[in-house]
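Derivation of every value follows stated rules applied to the coordinates shown; laboratory data play no part. Every value quoted in this text rests on a predicted model; they were computed, and no experiment measured them. Positions of Cβ are backbone-derived with ideal geometry, glycine not excepted, and every protein chain shown enters the neighbour counts.
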Amino acid sequence: MSDDKAPSPSRRQLFKSLSLVPIAAAGLAACAREADKPTDLSASQGDYTPAFFNAAEWAFIRAACDQLIPADNIGPSASQAGAPEFIDRHMQTPYASGDIWYMQGPFIEAAPQFGYQGRLPVRDILRVGIKGIDAHCAKQFSGKSFAQLEHKDQEELLKSAETGKLELENISAKEFFSQLLNETRMGYFCDPKHGGNKNMAAWKMIGYPGMRADYSAWVEVRDQPYPLPPVDLAGKRG
Amino acid sequence: MAIVKPKVDAVIVGMGWTGAIMAKELTDAGLRVVALERGPDRDTQPDFAYPRVADELEGSIHRKFLQSLAKETVTVRHSIKDTAVPYRQMGSFKPGTGVGGAGTHWSGCHFRALREDLNLRSNMKQRYGAKFIPEGMTIADFPVTYDDLEPHFDHFEYVCGTSGKAGVLNGVKIPGGNPFEASRSREFPLPPNRNYLGAELFYKAAREMGYSAYPIPASNASAAYVNPYGCQMGPCNFCGFCSDYGCLNYSKASPNDSILPVLRLRKEFELRTHAQVLKVNLDSTLNRATGVTYLDADGKETEQPADLVLLCAFSLFNVHLMLLSGIGKPYDPVADTGTVGRNYSYQNLNRVTLFFDESVQANGFIGIGGGGATFDDLNGNQLDNAKAGFVGGGVIWARQPGAGPIRGITTAPGVPNWGSAWKQGVKDAFRHSFYYEVQGACMSYRDHYLDLDPTYRDAFGRPLLRMTFDWNDNEIRASQFLVGKALDMCKVLNPKALSGDAKKTGEHYNITRYQSTHTCGGAVMGSDPKTSALNRYLQSWDVPNVFAPGANAFPQNNGYNPTGMVGALTYWAATAIREQYIKSPGALIHT
């Protein structure tokens, strides 16, 4: 992944010092669900320093990801699987800056069947959307950010973004939500080389064998589940 | 001042299936050929090598084998009174780029047309009377017959190592194949592939419903194979990375593994990649092409003079180039004049997913692009169109090109999009569901067409192609009828849950959801130069040293995948060039 969009040293410094408060807050919130965490904690995101998101955005991403894919007895949460790290890294790729999208104007309103017709690439859709949601939260919840809300309030807010009931400045909440959900799912299920799906935990959850790339012996087997654990692009076995 | 290259006999725009076939045939005939491909060079090694090619994020999200819409795209609108907006993100259809084109990332379904598909208009008239064809439906007969194309269907299947079972061989019905197909002169080069669970159960359900299921002809080799050009293929190992991906195993036929290994050794053939063709140049008569202008890899404007210009780009971009270059008269749907852009059609694709409990090992990650099973009992003349209430038939099939979690996991009805219930839903569905699809024909209409957009431009400053298209009542009725039949069939298998997506009455075309890359028409072949851009040899009526093979030539689309037909038409056109045009350049049909 490209490194050339990394923040300058001074910005890095700035958000290292800022990062303590919101991350700790998000961490506390996550504790509520620690009890039924099924997998090991080695996959937790505490040691990853974001290079794209600032501290406030990072706190949002971690909190929102774990609402979308929570920890439970089915499988790891998004952040346990490394989805926030994936998203931070993915936002630095040419894809997220609109490399394969048609980005020329005019940008006119069109029916939903024509998809997103705005002028923002994915990384800015996320940034503008996060800012919008946090601004909404500050107004509605006496100065609190999304990451600082109760779980129930976070969930409600994401639901109203999903349906488009929530109105945000500068962006359609529905479009923002849809990109956020896509990115979170990708971070959950991608090959570990992209930063998410740590220890192939999400693949194990659904029984995806990864890049085995040869199933000729198993095409006609009907009476037993596919027996082999996943293998990733680096050849590691899960 | 543009760089001017030495003149060649033929210049080919685009190095997908049609470009590779033309290059092979024309160099066979001794012509010196230069091919210009807008994308990069690609070969099995290193571009499709395992494991790197099997990266879902790169293949299905970053779209590494597809054209970048930032450079070229289309605009779309539902009707002539709307303002079109750009196809900004990849969705409904997926044009490829690079050597191999869409022939690299296709699945491998390799059908011939039915005999009656090629004379649809006269067949409908004969069966139900002229009034059965609705006002504004502009379907037409192909100006070629099945018998014209049979040797070319056959040859292309042998080039591709197509795996299947003949249903009618030299007029005799053969058990196990499609009893409704037009007669073949030879058995398939390879036997059918083995069945995954969903395909096996498809045979069972079809039998109970009284349908005659047969193996989908698949250009995914069922055994080791050497094609007539000496190119080698290995047996498909069901890796699950077919659609969207280049084949890591030399199993899926592609220009890259089935034709280019020979072409690359020929001194009469030169391939220039990163060569973006901007337009075809015409002389002052506007009836003769002098070559093409392109941007070379360095961005320098370059002219390639040639006696013969072969437009072998993706169907949409063949039409685009003709419009930009002034080859033929642009279609005007209001005045009903002109030909280029006329009769744009698509494919009517619908899916039903069957969910089972965890004792059923559907294993969607096991995949083969073109394999599976289908039947023709609701296609061609087997369907009573008057009773069904629409023109055109379709097929229902079981196909499993390979699922992975980044490509998306369809969950059972009622499962939310996120949260613990979603996690449970994807876990339940991933290994224990499969889908059947309805692939319906799509008719052409007076107000469905392609032209140049008045507002939006591509990265090279040219107007984008504008598509005016929506679902017509006829296609919606077809969708509802065929999906209804598919659901009846699914019930035989007693799934735990079932989801289906027949088009709703009044539903509009949605460009955000992938449906099919079978964009057809726009520069159609025909016998009347007033209503077709190309004659029966895919030669421009207006500029006879330009040929435009591709699905752009279909006057409407049938229920099958187009690649088998596209390959056959290209060999047919190449034969006409070799046997007639080279001896006596000029119009092959006189008007």
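Peptide A:97-109 shows a mean partner chain C-beta count of 6 within 10 Å per residue C-beta. Highest mean packing comes first when the peptides A:75-86, B:290-301, B:398-409 are listed by Cβ atoms within 10 Å, giving A:75-86, B:398-409, B:290-301. Per-residue mean of foreign Cβ neighbours for A:202-208 is 6 (Cβ atoms of other chains, 10 Å radius). Cross-link partners for B:LYS427 among the aspartates and glutamates, with Cα-Cα distance under 20 Å and sequence neighbours closer than 8 places in the same chain left out: A:ASP36, A:ASP40, A:ASP66, A:ASP72, A:GLU183, A:ASP191, A:ASP223, A:ASP232, B:GLU56, B:ASP357, B:GLU358. Computed from Cα atoms, the angle from the helix B:17-28 axis to the main principal axis of chain B rounds to 50 degrees.
Per-residue mean of other chain beta-carbon atoms within 10 angstrom of the beta-carbon, peptide B:55-61?
Details: counts 7, 7, 13, 4, 0, 1, 9.
Taking the mean over all residues of the peptide, I get 6.
In degrees between 0 and 90, to the nearest 10, how far off the longest principal axis of chain B does helix B:315-325 point, with axes built from Cα atoms? Long axis of B:315-325 versus the principal axis of chain B: about 20 degrees. Sorting the segments A:156-166, B:98-108 by their residues' average number of neighbouring beta-carbon atoms within 10 angstrom, most packed first, yields B:98-108, A:156-166.
When the square roots of the Cα gyration tensor eigenvalues are ordered a ≥ b ≥ c, the ratio a/c for the range B:101-222 is 1.5 or more and a/b exceeds b/c, which makes its shape prolate.
From the Cα gyration tensor of the range B:251-370, with a ≥ b ≥ c the square roots of its eigenvalues, which class applies: rounded if a/c is under 1.5, or else prolate if a/b is larger than b/c, or else oblate?
Details: a/c = 3.33, a/b = 1.52, b/c = 2.19.
Since a/c reaches 1.5 but b/c is at least a/b, the shape of the range B:251-370 is classed as oblate.
If R0 is 41 Å, the Cβ-Cβ spacing of B:THR337 and B:ALA386 corresponds to a FRET efficiency of close to 0.80.
In straight-distance terms, cross-link reach from B:LYS24 covers every one of the lysines whose alpha-carbon lies under 23 Å from its own, apart from those fewer than eight places away in the same chain; here that gives B:LYS5, B:LYS7, B:LYS252, B:LYS267, B:LYS583.
Ranking B:ASN123, B:LEU464, B:ALA386 by how far each Cα lies toward the positive end of the dipole of the protein assembly as shown (charges on Cβ) leaves B:LEU464 at the top. Per-residue Karplus couplings for the range B:465-475, computed as 6.51 cos²θ - 1.76 cosθ + 1.60 with θ equal to phi - 60°, are listed in order as 6, 10, 10, 10, 7, 7, 6, 8, 3, 4, 6 Hz, Gly and Pro entered as x. Looking at the range B:494-591, the trypsin sites (Lys or Arg not before Pro) that sit in a DSSP loop and have at most 15 other Cβ atoms within 10 Å of their own Cβ are B:LYS496, B:LYS504, B:ARG513, B:LYS530, B:LYS583. Would you mind checking the tilt of helix B:146-160 against the longest principal axis of the Cα atoms of chain B, expressed as 0 to 90 degrees and rounded to 10? On a 0 to 90 degree scale, this one is about 80.
With n ≥ 4 as the cut-off for DSSP H runs, can you work out [θ] at 222 nm for the protein assembly as shown, using -39500 (n - 2.57) per run divided by the number of residues, rounded to the nearest 500? Mind dumping the intermediate values first?
Details: 20 runs with 224 residues, N = 829.
That calculation yields -8000 deg cm²/dmol at 222 nm.
Each Lys and Arg contributes +1 and each Asp and Glu -1, all at the Cβ; summed about the Cα centre of the protein assembly as shown, the dipole is approximately 140 debye.
Determine, for each peptide in A:194-202, B:36-44, B:246-254, the mean count of other beta carbons within 10 angstrom over its residues, then list the peptides with the highest first. Please list the in-between numbers first.
Values: A:194-202: 24.7, B:36-44: 20.9, B:246-254: 27.6.
Those peptides, ordered most packed to least, come out B:246-254, A:194-202, B:36-44.
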